[in-house]
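Here the structure comes first, spelled out in structure tokens, and everything after it is commentary.
The values are calculated or read from the model by the stated rules, or taken from the named source; none is laboratory data. Since the model is a prediction, treat every value here as computed from it, not as a measurement. Note that we place each Cβ from the backbone using ideal geometry, even for glycine, and neighbour counts take in every protein chain shown. Heavy atoms of the whole protein, side chains included, go into the accessibility calculation; ligands, DNA and RNA do not. Shrake-Rupley method; radii C 1.70, N 1.55, O 1.52, S 1.80 Å.
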Amino acid sequence: MSMAPITPSPAGVRLVDGSLPAMPHTSEALDRIARSGEAVFAIDSADRVILWNKKCEELLGKTARSVLGKRCYDAMGGRDAHGNVYCYRNCPVAYQARERPKEAVQRFQLSVEANKERKWLEVSLFAIPSYHPALSTVVHVLRPTAKHAVAGALAERDANHGESVAGRGRL
């Protein structure tokens, strides 16, 4: 399967693979979102990264050219507070954003490798609707955050030989 070329847009770089009908409002919305002051990326219905803006490049140390067309779980490699894989194929969070628009996806924290170190992010996401929900584009907004509360407590527990910081027992 060959991918279409990466083409520049006013807001950054976008992969145009032509596999789905273009939705003009989606393209315009992505251009506007990409120019926001936030680190954002977007995925298509096959979970391929189709937008990776400059702020995302700065935050994660990965160029748009290196991630466009990749599956988001390969590009992000997100993990939860316990080190478990969070980003994977058929993401239930992206599914919720696409298929259940009346149920807002709650913000969550994610650990990713950025510039050869783990970095904590707060992630919000939403869908740009399509004529069929499953084809909606899902936009991810990333914000750096302090170490996850659970991860911090786990690190402190380990440093204290298994006792919680508050002395209320084990985690």
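Data for the structure
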read-out	value
Subset of the stretch 103-120 (residues that are free of Cβ contacts under 8 Å to residues at least 40 places away in the same chain and closer than 16 Å to residue 39 by Cβ)	107, 108, 109, 110, 113, 120
Conditions (1) β-branched (Val, Ile, Thr); (2) under 21 Å from residue 29 (Cα atoms); (3) in a strand (DSSP E or B); number of the one not met by residue 112	(2)
Among (1) within 22 Å of residue 143 (Cβ to Cβ); (2) in contact with a Lys or Arg (Cβ under 9 Å, 6 or more places away or on another chain); (3) small (Gly, Ala, Ser), the one test that residue 77 misses	(2)
The stretch 40-99, residues that are open to solvent by 40 Å² or more (accessible area, probe 1.4 Å) and hydrophobic (A, V, I, L, M, F, W, C)	85
Residues within the stretch 124-137 that are under 23 Å from residue 81 (Cβ atoms) and buried (at least 20 other Cβ atoms within 10 Å of the Cβ), tallied	1
Where residue 13 falls short, out of the listed (1) buried (at least 17 other Cβ atoms within 10 Å of the Cβ); (2) at pLDDT 60 or above; (3) at negative phi	(2)
Residue selected from the stretch 100-123 under the condition closer than 17 Å to residue 146 by Cβ and open to solvent by 90 Å² or more (accessible area, probe 1.4 Å), by the criterion nearest to the chain's Cα centre (by Cα)	107
